[in-house]
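The structure under discussion appears below in the form of structure tokens.
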Amino acid sequence: MERFRIVGGRRLRGEVTISGAKNAALPCLAATLLTREPVTLSNLPRVRDILTMEKVLVTLGATCHHENGSTSVLAGDVSAFHAPYELVSTMRASILVLGPLLASRRRARVALPGGCAIGARPVDLHLAALARLGARLFLEHGDIVAEAPYGLHGADITFPRITVTGTENLLMAATLARGVTVLRNCAREPEVADLARMLVAMGARIQGIGSDTLEIHGVEGLAGVHHRVIPDRIEAGTYVIAAALAGDGVRVRACEPAHLTALLATLGEAGVAVEVGEGFLYVPPVTCLAATSVTTAEYPGFATDLQAQYLTLMTQAQGRCRIREAIFENRFQHVLELKRLGARIEVEGDCAIVEGPVTLDGTVVMASDLRASAALVLAGLVARGETILQRIYHLDRGYEAMEAKLNALGAEIHRFNPGPYR
């Protein structure tokens, strides 16, 4: 199983290019099931989750061809409707095919996603809302079975709590439903808006894009499209934090600064004066880092997917701060690993209390999820000696060539496989 060997103490300088957003690409790939015409998506990152979603599409009768950063998808065999457990269990976002399959093929069988290392993310909101659109749903042998033999119909639906994938699933399903669907208390993440813009380009009729209320007028069919996926705001935020932590001047290019306003505001309070430009962010050397508390929130608040990386940054800040995780109930598993490196962190309920600055010492640490992996890489950049990061397959789910990008900035990270007996 591959690992990282990170040599600490190397300063970062230069320019890093941000890849396309994994969390935008996944629903866009699922949306290709809504049309029988070819769809081309560009700016897709070649990360494990994207490869898994492409395998799901192939299982559902589609053909996928990737070349030069673009993936072309043709739905092909429209009689297939089963997304098996072997694929769904490796990536919870596979549930995103449920809505498109119901809308276009009027039936779906999708394995029920299992547990998650960062807390429960139940699909009950998806199922309840799809039932409002006229679907019949039940569980059978661990699969969600959904049927709409006469098609879906519009409805007025209010999500009891904000759900990103729930919003995306219902948005896709409603595009081909008869009549008008109104979705309220929707997620406002840029990835949701990106999906909506793609659907509009395919011929969907959607109002309220970017707001918490979406109105969808169903159409008879959707056409093919060429869509460019937005930049990955979480990857951009991760490199901005890395630059604040260990940088001597780093430019983060091909990003969308408007998607990172909460992070940039928090970093400004902490003493990181990030320069914002058209499609780029420049992080100058940081002379004094002040401990600054933060609470995660749905967009446009501070992203939960940046909490672990920010927590690593705060281990090097002067003073004491509280980081409250208000989205997921089990997202501090990286704390124990950071403490192995010497961090002073205590967890009290949904808060992590961080005291700094501390000198981190390299050792062997283990990743528990995607963003925890990134946090431990950042910690390794400033730790004394060598840090060995295990289970980097988590990292490969969502970061494209992270070690190559950081090494180009001056880091020293080696990917290696110790063999089966070590």
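The values are calculated or read from the model by the stated rules, or taken from the named source; none is laboratory data. All of these numbers come straight from a predicted model, not from anything done at the bench. With ideal geometry, Cβ positions are generated from the backbone for all residues, glycine too; neighbour counts draw on all protein chains shown.
Miscellaneous remarks
- The residues of the stretch 112-138 that are farther than 18 Å from MET172 by Cβ and modelled with pLDDT of 90 or more, listed by number, are ARG136, PHE138.
- Counting the residues of the stretch 366-398 that are of a type in the set (Ser, Thr, Tyr), part of a helix (DSSP H, G or I) and either surrounded by 19 or more Cβ atoms within 10 Å (Cβ to Cβ) or modelled with pLDDT of 95 or more (or both) gives 1.
- Test set (1) in contact (Cβ under 8 Å) with a residue 40 or more places away in the chain; (2) β-branched (Val, Ile, Thr); (3) over 29 Å from VAL365 (Cβ atoms); (4) not assigned by TED's automatic domain parsing to the domain that holds SER104 - THR315 fails condition number: (3)
- Within the stretch 297-326, considering residues that are among the hydrophobic types (A, V, I, L, M, F, W, C) and surrounded by fewer than 22 Cβ atoms within 10 Å (Cβ to Cβ), the one farthest from the chain's Cα centre (by Cα): CYS321
Listed here are the residues, each with its yes/no results for (1) in a strand (DSSP E or B); (2) modelled with pLDDT of 95 or more.
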position: ALA244; (1), (2): no, yes
position: GLY249; (1), (2): yes, yes
position: ALA262; (1), (2): no, yes
position: PRO285; (1), (2): no, yes
position: CYS288; (1), (2): no, no
position: THR292; (1), (2): no, yes
position: GLY342; (1), (2): no, yes
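- Comparison of GLU348, GLU329 shows that the only residue that is in the same structural domain as HIS259 (by TED's automatic domain parsing), surrounded by fewer than 21 Cβ atoms within 10 Å (Cβ to Cβ), more than 23 Å from the chain's Cα centre (by Cα) and within 29 Å of VAL164 (Cα to Cα) is GLU348.
- Residue in the stretch 240-250 that is under 22 Å from the mean Cα position of the chain (by Cα) and assigned by TED's automatic domain parsing to the domain that holds PRO100 present: no
- Residue check, GLY271 closer than 18 Å to THR312 by Cβ and surrounded by 21 or more Cβ atoms within 10 Å (Cβ to Cβ): no
- Checking LEU176 against (1) modelled with pLDDT of 95 or more; (2) part of a helix (DSSP H, G or I); (3) in contact with a Leu (Cβ under 9 Å, 6 or more places away or on another chain), the condition it does not meet: (2)
- Strands (runs of 3 or more DSSP E) enclosed by the stretch 1-77 - at least 2 residues per element that are out of contact with any Pro (no Cβ under 9 Å at 6 or more places or on another chain), at pLDDT 95 or above and aliphatic (A, V, I, L, M): 3-7, 12-17, 39-42
- Matching residues, the stretch 150-169, being among the small types (Gly, Ala, Ser) and closer than 24 Å to THR32 by Cβ: GLY151, GLY154, GLY166
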